Amino acid sequence: MLPDERLPETVIADFTRWIQDGAFNPRDQQPSPTDAAEAAWKAKLAERSRWWSLQPLKEVSVPKVIDPHWSSDIDCFIFNRLKREGLSPASRADPNTLLRRLSFVLTGLPPSPEETISFQQAYANSPEAALELTMG
């Protein structure tokens, strides 16, 4: 990848001289396949050690959110980040959209017409019960 800025003249001169000299390999000998694989693995391991999932746990305080729909700790973090980014949460999904999303997630298929009618009726009586029945 090219640098953002022009290379210093001394570096350009070094490259020019190296190319004029035949662009030789500055190493005495090529690394063995084992050495090359080991070096590649060490580089990959160093990169992966910076992943967020491999960082040590640290104490954080849950953001204060005054909204009854955002009651769990995870919800508070999500809501806080949305606000910080100038975004607002999506509106609640209607029963048909909710059933379609659940059906695709759980089965990979859209709901049948019978399932849609059944879910709508159950949702009208008790949304929580309809969801439990669908996910059950």
Residue 38 vs. criteria in a helix (DSSP H, G or I) and charged (D, E, K, R): yes
Residue match in segment 72-95 (condition: touching a residue at least 24 places away in the same chain (Cβ under 8 Å) and of a type outside the set (Lys, Arg)): yes
Residue in segment 75-94 that is open to solvent by 100 Å² or more (accessible area, probe 1.4 Å) and either over 21 Å from the mean Cα position of the chain (by Cα) or of a type in the set (Gly, Ala, Ser) (or both) present: yes
Members of segment 8-26 that are in contact with a Phe, Trp or Tyr (Cβ under 8 Å, 6 or more places away or on another chain) and either modelled with pLDDT of 80 or more or acidic (Asp, Glu) (or both): 18
In segment 33-58, residue nearest to residue 82 (Cα to Cα) [restricted to those that are within 22 Å of the chain's Cα centre (by Cα) and open to solvent by 100 Å² or more (accessible area, probe 1.4 Å)]: 52
Residue list for segment 8-32, restricted to those being surrounded by 10 or more Cβ atoms within 10 Å (Cβ to Cβ) and touching a helix residue (DSSP H, G or I) at 6+ places or on another chain (Cβ under 8 Å): 31
Segment 97-112, subset open to solvent by 70 Å² or more (accessible area, probe 1.4 Å) and part of a helix (DSSP H, G or I), residue nearest to residue 65 (Cα to Cα): 101
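So which residues in segment 113-124 are loosely packed, with under 10 Cβ neighbours inside 10 Å and among the aromatic types (Phe, Trp, Tyr)? If you could, list the steps in order and put the result at the bottom.
So in segment 113-124, the residues loosely packed, with under 10 Cβ neighbours inside 10 Å come out as 113-114.
Selection gives nothing.
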From the options 68, 3, residue that is modelled with pLDDT under 90, open to solvent by less than 100 Å² (accessible area, probe 1.4 Å), outside any helix (DSSP H, G or I) and not basic (Lys, Arg): 3
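The values are calculated or read from the model by the stated rules, or taken from the named source; none is laboratory data. Quick caveat: nothing in here was measured; it's all calculated off a predicted structure. Note that we place each Cβ from the backbone using ideal geometry, even for glycine, and neighbour counts take in every protein chain shown. Keep in mind that these areas ignore ligands, DNA and RNA; they rest on the heavy atoms of the full protein, side chains included. Shrake-Rupley method; radii C 1.70, N 1.55, O 1.52, S 1.80 Å.
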